[in-house]
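The values are calculated or read from the model by the stated rules, or taken from the named source; none is laboratory data. Worth saying up front: this structure is predicted, and the values here are computed from it rather than measured. Neighbour counts run over all protein chains shown; Cβ positions are idealised from the backbone, glycine included.
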Amino acid sequence: MAGGHAEARAIQVALKLGIFEALSEAMLDETALANRIGTDIRATGLLANALSVLGLLHKNDRRFALTDSSRRYLLRASSEYLGGMILFDGGLWEVWGRLEDTIRSGRPARTPDMFQGTADETARFIRAMDSLVRARGDAAWVADNLDLSKVRHVADLGGGPGTYVAAMLKRWLQLRASIWDLPATLAVAREVLAEREPTIQDRIGLVTVNYVKDVLPRGAETIFMSNIIHSENEETNAALMRKCFDALDAGGMLIVKDHIMNRALTEPAAGAVFSLYLMLTTHGHDFSFDEVCSWMEAAGFRDIEQRALPAPPFTSSMVIAHKP
């Protein structure tokens, strides 16, 4: 476990250098591969050897080829491309180097701004979220396992690239959706939807909302939030539940999807480890069901239930609540 950074960094750098794309059409030896991507021949061969050991390349007679896994998850043209998330993780390499400082001080290693500092930073973050959800299949599972048959309008609060509502709209044909998010994020969402979901793009409205500062728009029958509460502290999350309650129609439904932890904050294990990342980059961490439930009840929600997504491959849950 202590040496796991080596494998992770090898994959991040290989993707950034374009090794997998360079091998998408033909096998290449280390010389041809290095010439294709503009790198040192010897160093490229050593990296490709390591990727072969990891099962991401196949080496035969000194030439390298993609494996089924790398073709499925590491080529941009794939519908399950995970590269966006890998490149985002790679961009946080320096941040993880300051983990000790954060543990000592309790302060994040970077300013918590939801990666809104520059257009490139925002695009890398939002495309990472789209990449992860598509590769793992969260959105399709959620759309298939929520009964939205009587819902006409769903709002995705902090919806980023719109991956979840896109899956809902393809499953439930009567639905229309809104993505409530920050302006820079919505600009990326518009690009992602045009690339990935052109057939349903006209059923999704993009609405500028700062959920910390703004009153939420009214008129939604369902509000969906994925991976939002873990970026905020307890006070902000309690206020956000009150805002959602006020925005929903009577009888409306709130769905919070996240790592929902046990009381000890140790399970699911992925959530406990992910909380280190959140500590480095946000004001939050992964919260327990008891905490989420208390915020919802205080806001006025009733009939609150936790519904875990099947593990593997998933590590998160939905907390579903209703407005009387």
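Selection of the range 33-50 for residues being crowded, with 17+ Cβ neighbours inside 10 Å, hydrophobic (A, V, I, L, M, F, W, C) and more than 30 Å from the chain's Cα centre (by Cα) yields Leu33, Ala34.
Hey, can you tell me all the residues within the range 236-251 that are in a strand (DSSP E or B) and surrounded by fewer than 21 Cβ atoms within 10 Å (Cβ to Cβ)?
First, pick out the residues of the range 236-251 that are in a strand (DSSP E or B): 248-251.
Across the range 236-251, the qualifying residues are Asp249, Ala250, Gly251.
The set of residues in the range 95-114 that are modelled with pLDDT of 95 or more and of a type in the set (A, V, I, L, M, F, W, C) comprises Val95, Trp96, Leu99, Ile103, Ala109. The one condition from (1) under 23 Å from Ala189 (Cβ atoms); (2) surrounded by fewer than 16 Cβ atoms within 10 Å (Cβ to Cβ); (3) under 21 Å from the mean Cα position of the chain (by Cα) that Asp258 does not meet is (2).
Looking at this structure, is Thr163 surrounded by 22 or more Cβ atoms within 10 Å (Cβ to Cβ), at negative phi and hydroxyl-bearing (Ser, Thr, Tyr)? Talk me through it step by step, then tell me what you get.
Numbers: surrounded by 22 or more Cβ atoms within 10 Å (Cβ to Cβ): yes; at negative phi: yes; hydroxyl-bearing (Ser, Thr, Tyr): yes.
It is true that Thr163 is surrounded by 22 or more Cβ atoms within 10 Å (Cβ to Cβ), at negative phi and hydroxyl-bearing (Ser, Thr, Tyr).
Being assigned to a helix (DSSP H, G or I) and more than 21 Å from His322 (Cβ to Cβ) narrows it down to one of Ala109, Ala139, Ala143, so name that one.
Numbers: Ala109 fails: assigned to a helix (DSSP H, G or I); Ala143 fails: more than 21 Å from His322 (Cβ to Cβ).
Only one candidate qualifies: Ala139.
For the range 51-68, the set of residues classified as part of a helix (DSSP H, G or I) and buried (at least 16 other Cβ atoms within 10 Å of the Cβ) consists of Leu51, Ser52, listed by residue number. Does at least one position in the range 80-100 carry a residue that is closer than 30 Å to Gly137 by Cα, of a type in the set (Val, Ile, Thr) and surrounded by 15 or more Cβ atoms within 10 Å (Cβ to Cβ)? Yes; the residues of the range 80-100 include at least one that is closer than 30 Å to Gly137 by Cα, of a type in the set (Val, Ile, Thr) and surrounded by 15 or more Cβ atoms within 10 Å (Cβ to Cβ).
Taken together, the residues in the range 292-307 that are closer than 13 Å to Gly252 by Cα and part of a strand (DSSP E or B) amount to 3. A single member of Leu216, Leu254 is among the aliphatic types (A, V, I, L, M), assigned to a loop (DSSP other than H, G, I, E, B) and touching a Cys at 6+ places or on another chain (Cβ under 7 Å), and it is Leu216.
Select from the range 69-84 the residues that are in a helix (DSSP H, G or I) and either without any contact (Cβ under 8 Å) to a residue 60 or more places away in the chain or among the aliphatic types (A, V, I, L, M) (or both) and write down the one among them that is nearest to Ala128 (Cα to Cα).
Let us first name the residues in the range 69-84 that are in a helix (DSSP H, G or I), namely 69-73, 83-84.
Filter once more, keeping what is either without any contact (Cβ under 8 Å) to a residue 60 or more places away in the chain or among the aliphatic types (A, V, I, L, M) (or both): 69-72, 84.
Details: Ser69: 18, Ser70: 17, Arg71: 18, Arg72: 16, Gly84: 4 Å.
Filtering the range 69-84 for residues that are in a helix (DSSP H, G or I) and either without any contact (Cβ under 8 Å) to a residue 60 or more places away in the chain or among the aliphatic types (A, V, I, L, M) (or both), the one nearest to Ala128 (Cα to Cα) comes out as Gly84.
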